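Before any comments, here is the structure.
The values are calculated or read from the model by the stated rules, or taken from the named source; none is laboratory data. Since the model is a prediction, treat every value here as computed from it, not as a measurement. A quick note on method: Cβ atoms are made from the backbone with ideal geometry, for glycine too, and the neighbour counts reach across all protein chains shown.
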Amino acid sequence: MGNSHGHHHHHRKNRNEANSYFPHQTPTPTPPPFKFGPSDHHQHQPAAQFQNNSTMSLPYAHVDCSLRALAGQAEGFGRRAIGGLHGPLYHVTTLADDGPGSLREGCRMKEPLWIVFEVSGTIHLRSHLSVSSYKTIDGRGQRVKLTGKGLRLKECEHVIICNLEFEGGKGPDADAIQIKPKSKHIWIDRCSLRDYDDGLIDITRESTDITVSRCHFSSHDKTMLIGADPSHVGDRCIRVTIHHCFFDGTRQRHPRVRYAKVHLYNNYTRNWGIYAVCASVDSQIYSQCNIYEAGQKKMAFKYLTEKINGLKVTGAQKAYYRYILSSVLCHWKFMSWSIALGLRMLMQLDLINTVEWHNLKIAFRWNFLTVCSKFFFSGYSFASNGVSLMKATKTPHDPAADSSRKSADASDKEEARSGCIRSEGDLFITGTQAGLMTEAGEHSMFHPSEYYPTWTVAAPTDNLKQVLQHCTGWQDIQRPADQPVAAQ
């Protein structure tokens, strides 16, 4: 089928060289499913050894046996997400944007809820739908599509989103699922996402412990962003697992990562328009047993260098500098007006030749020059301060900017950084070039077993590829029966 990549070194920015993959190399045999877990030497753990076996299974085989069996069953960083496990059922009975029986009304309630749907169809959201903590939005048993806007998970925890469709989000900042700021314990499972004006899933502003699984992404440009911008160093806490997803011809960001730790396994990414996965600004991406199938663009991994100190200016800083410069401009306008008025008065005084006015004229001229000099030097000082501020890198009282500059050199030069990708057991087909270069010791790469004990992973074979094409995204399955759950 293709060539499996199994290097176990730390990889950094690609140079002109590229790893070679030979079309006649023996393909990896089909393996049985297995649980991958920690070892005594997890930092240098070799790729798992697979045996010939035609069987194939996905994780989560038992989550549809009862309604609440989803809770706490995610693999990866989002494994603790319980959603509305201990809350009552909330029944969505209308496709209206708001009001009694609507999805929005259920999501805004403060108590834990397990939200299910009694209707199928499209919900047109006029604004972002905010989801509060301890909610499960369970689309099993119906076919529900959200359009117009998307879900916003803001400062919430323990949210599960399952078996929904997202399509056609319009307007600036229109993401299908927006997770920011400081949200945690989130699981997005078995959703279909396509065609939003901004992103499909954005995970930023210190949101962490998130799993995205069995989702189908299509007809989109900037698919998934993890980490807000180079100045937001607080995003180092972000941890995301993405597994058994199908990125179907989406253009880029599968995902794009800043600062965060991201574990990718058993995903299928094909026919991207720019790149498959992008590492930037101290990110750590562990890519394990994924399938990368290129179209016209052959490079799977991209390293994007961004500036994190020096003359990097944020939007807030630019607004502050504009305010300073406008103040300087007003100051100089006032001084110019004063000079013009003084000159006119002097010209009038020059027409009077009496001795009394002669003495007054001399005194006025002297005083006027003194005032003008004060205006000039104060204006010059003010303008100089404004220019100095333009060269500075922080707004007043900005501890985050202070901490980000601790590693800057004495000359305050810009420091350019990209991220790190480790590829283990990945499969690159149809001429795909990984784009990895080994620079051992430059970056400390995490291993997933440091954070969770097991995860279900199979070798990247044609069998896995076929399964991911048909078993990701929204599924036509019945809603399981609800069974009482004992309080924990």
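Search the stretch 246-269 for residues being in a strand (DSSP E or B) and either modelled with pLDDT under 95 or polar (S, T, N, Q) (or both), and hand back the single one that is surrounded by the fewest Cβ atoms within 10 Å (Cβ to Cβ).
Step by step, filter the stretch 246-269, then rank; the result is 252.
Give the residue that is surrounded by the fewest Cβ atoms within 10 Å (Cβ to Cβ), with candidates limited to residues of the stretch 227-245 that are under 14 Å from residue 188 (Cβ atoms) and out of contact with any Asp or Glu (no Cβ under 8 Å at 6 or more places or on another chain). Before the answer, list the steps.
So the first thing to find is which residues in the stretch 227-245 are under 14 Å from residue 188 (Cβ atoms), and the list is 240-245.
If we keep only those that are out of contact with any Asp or Glu (no Cβ under 8 Å at 6 or more places or on another chain) too, we end up with 240, 242, 244-245.
Numbers: 240: 28, 242: 29, 244: 26, 245: 28.
Out of the qualifying residues, it is 244.
Collect the residues in the stretch 269-293 that are more than 14 Å from residue 253 (Cβ to Cβ) and hydrophobic (A, V, I, L, M, F, W, C), keeping them in residue-number order.
281, 289, 291
Residues that are closer than 24 Å to residue 58 by Cα, at least 2 per element: which strands (runs of 3 or more DSSP E) completely within the stretch 142-223 meet that?
157-162, 165-169, 184-189, 192-196, 208-213, 216-218
So is residue 435 part of a loop (DSSP other than H, G, I, E, B), over 30 Å from residue 145 (Cβ atoms) and either modelled with pLDDT of 95 or more or in contact with a strand residue (DSSP E or B) (Cβ under 8 Å, 6 or more places away or on another chain) (or both) or not? Quick ask: steps written out before the conclusion?
Working: part of a loop (DSSP other than H, G, I, E, B): yes; over 30 Å from residue 145 (Cβ atoms): yes; either modelled with pLDDT of 95 or more or in contact with a strand residue (DSSP E or B) (Cβ under 8 Å, 6 or more places away or on another chain) (or both): yes.
Spelling it out, residue 435 is indeed part of a loop (DSSP other than H, G, I, E, B), over 30 Å from residue 145 (Cβ atoms) and either modelled with pLDDT of 95 or more or in contact with a strand residue (DSSP E or B) (Cβ under 8 Å, 6 or more places away or on another chain) (or both).
Considering every residue within the stretch 113-126, establish whether at least one is assigned to a loop (DSSP other than H, G, I, E, B) and among the small types (Gly, Ala, Ser).
yes
Would you be able to say whether some residue in the stretch 103-125 is buried (at least 24 other Cβ atoms within 10 Å of the Cβ) and polar (S, T, N, Q)?
No, the conditions are met nowhere in the stretch 103-125.
Give me a count of the residues in the stretch 272-323 that are at pLDDT 60 or above and either farther than 25 Å from residue 420 by Cβ or among the β-branched types (Val, Ile, Thr) (or both).
Residues meeting the conditions: 9.
To keep it simple, each residue is scored yes or no on (1) surrounded by 24 or more Cβ atoms within 10 Å (Cβ to Cβ); (2) in contact with a strand residue (DSSP E or B) (Cβ under 9 Å, 6 or more places away or on another chain); (3) acidic (Asp, Glu); (4) more than 18 Å from residue 129 (Cβ to Cβ).
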{"residue": "175", "(1), (2), (3), (4)": "yes, yes, yes, no"}
{"residue": "193", "(1), (2), (3), (4)": "yes, yes, no, no"}
{"residue": "197", "(1), (2), (3), (4)": "no, yes, yes, no"}
{"residue": "201", "(1), (2), (3), (4)": "yes, yes, no, no"}
{"residue": "205", "(1), (2), (3), (4)": "no, yes, no, yes"}
{"residue": "211", "(1), (2), (3), (4)": "yes, yes, no, yes"}
{"residue": "215", "(1), (2), (3), (4)": "yes, yes, no, yes"}
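Anything in the stretch 458-467 that is in a helix (DSSP H, G or I) and either surrounded by 23 or more Cβ atoms within 10 Å (Cβ to Cβ) or among the basic types (Lys, Arg) (or both)? List them, or say none.
Those that are in a helix (DSSP H, G or I) and either surrounded by 23 or more Cβ atoms within 10 Å (Cβ to Cβ) or among the basic types (Lys, Arg) (or both): 464, 465.
So which of 72, 76 is crowded, with 16+ Cβ neighbours inside 10 Å, free of Cβ contacts under 8 Å to residues at least 40 places away in the same chain and on the phi > 0 side of the Ramachandran plot?
Answer to the selection: 72.
(1) of a type outside the set (Ser, Thr, Tyr); (2) buried (at least 24 other Cβ atoms within 10 Å of the Cβ); (3) in contact with a strand residue (DSSP E or B) (Cβ under 6 Å, 6 or more places away or on another chain): which one isn't true of residue 272, the others all being true?
(3)
If a residue must be small (Gly, Ala, Ser), out of contact with any Ser or Thr (no Cβ under 8 Å at 6 or more places or on another chain) and in a loop (DSSP other than H, G, I, E, B), how many such residues does the stretch 58-91 contain?
Adding up the residues that qualify gives 4.
Could you count how many residues in the stretch 130-141 are in a strand (DSSP E or B) and in contact with a Gly (Cβ under 7 Å, 6 or more places away or on another chain)? Break it down into steps so the answer makes sense when it comes.
Initial filter on the stretch 130-141 (in a strand (DSSP E or B)): 130, 135-138.
Retained after the next criterion (residues that are in contact with a Gly (Cβ under 7 Å, 6 or more places away or on another chain)): 135-136.
Summing the residues that are in a strand (DSSP E or B) and in contact with a Gly (Cβ under 7 Å, 6 or more places away or on another chain) in the stretch 130-141 gives 2.
Given 449, 423, 418, which one is over 28 Å from residue 83 (Cα atoms), among the small types (Gly, Ala, Ser), at pLDDT 95 or above and surrounded by 16 or more Cβ atoms within 10 Å (Cβ to Cβ)? Even if it seems obvious, please write down each step before you answer.
On the way: 449 fails: over 28 Å from residue 83 (Cα atoms); 418 fails: at pLDDT 95 or above.
One residue alone meets the criteria, 423.
I'd like to know if the stretch 254-262 contains one or more residues that are closer than 23 Å to residue 295 by Cβ, in contact (Cβ under 8 Å) with a residue 60 or more places away in the chain, not acidic (Asp, Glu) and not assigned by TED's automatic domain parsing to the domain that holds residue 85. Let's see the steps before the verdict.
First, pick out the residues of the stretch 254-262 that are closer than 23 Å to residue 295 by Cβ: 254-257.
Keeping just the survivors that are in contact (Cβ under 8 Å) with a residue 60 or more places away in the chain gives 257.
After this cut, where a residue has to be not acidic (Asp, Glu) as well, the list is 257.
Within this subset, residues satisfying the condition of being not assigned by TED's automatic domain parsing to the domain that holds residue 85 are 257.
Checked against the condition, which is being closer than 23 Å to residue 295 by Cβ, in contact (Cβ under 8 Å) with a residue 60 or more places away in the chain, not acidic (Asp, Glu) and not assigned by TED's automatic domain parsing to the domain that holds residue 85, the stretch 254-262 yields at least one hit.
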